[in-house]
1. Scanning for something out of contact with any helix residue (DSSP H, G or I) (no Cβ under 8 Å at 6 or more places or on another chain), over 23 Å from Gly15 (Cβ atoms), at pLDDT 95 or above and of a type outside the set (Lys, Arg), does segment 65-85 turn up at least one residue?
2. Just one of (1) under 23 Å from Leu123 (Cα atoms); (2) part of a loop (DSSP other than H, G, I, E, B) trips up Leu42, so point out which.
3. Please list, ordered by first then second residue, the pairs with beta carbon atoms under 9 Å, 6 or more apart or interchain, first in segment 84-109 and closer than 13 Å to Phe126 by Cα and touching a residue at least 60 places away in the same chain (Cβ under 8 Å), second surrounded by 15 or more Cβ atoms within 10 Å (Cβ to Cβ) and of a type in the set (A, V, I, L, M, F, W, C).
4. Scanning segment 51-64 for residues that are modelled with pLDDT of 90 or more and farther than 20 Å from Val79 by Cβ, which turns out surrounded by the most Cβ atoms within 10 Å (Cβ to Cβ)?
5. Condition first: free of Cβ contacts under 8 Å to residues at least 24 places away in the same chain and more than 11 Å from Ile133 (Cα to Cα). Can you find one or more residues in segment 9-18 that meet it?
6. Applying the selection to segment 113-139, what residues are part of a helix (DSSP H, G or I) and more than 14 Å from the chain's Cα centre (by Cα)?
Amino acid sequence: MIIEKQYLENRRLAGFWTRIMAQNIDVLFSIFVFFIFYLIGLETSLTIYLGVFFTLCYYIGFEASSLQATPGKMIIGIVVTTNNFKKITVTQSIIRTLGKILSMSVLFVGFSMIEFNKRRKGLHDFIANTQVIFKEKGQ
């Protein structure tokens, strides 16, 4: 299968599989934190609440930071930007992160959208007015 590289205004867009690889790396970080909470002997319900809180803060904090990417995205070489390729705000990061819940509902259709539109955006990207692109050299 030949994968066509998608560009927009000379910026290479991150496609579905690239973003899935980054997501899988980030999930490993979250599982590690859940495991730490479990090892220190927290009750199961508290472990779940703290783990979910950590995960939300992880995505919101990293993507709204000057890094513009979670560790998984950094390893893969992609960043989250506004539609105009600027740094996203904390509000956009919150909306994007919570929008992923919608993207997951109904058989992950919101994530599948990434593969089927010109801008390579998931439902959560449309909601938050964000774009995921490959990091430019020197950025």
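1. Looking for residues that are out of contact with any helix residue (DSSP H, G or I) (no Cβ under 8 Å at 6 or more places or on another chain), over 23 Å from Gly15 (Cβ atoms), at pLDDT 95 or above and of a type outside the set (Lys, Arg), one finds at least one in segment 65-85, hence yes.
2. (1) is the only condition that Leu42 fails.
3. Every condition considered, no pair remains.
4. Step by step, filter segment 51-64, then rank; the result is Phe54.
5. yes
6. Met113, Glu115, Phe116
The values are calculated or read from the model by the stated rules, or taken from the named source; none is laboratory data. Quantities reported herein were computed from a predicted structural model and do not represent experimental measurements. So basically every Cβ, Gly included, is an ideal-geometry build from the backbone, and we count neighbours across all protein chains shown.
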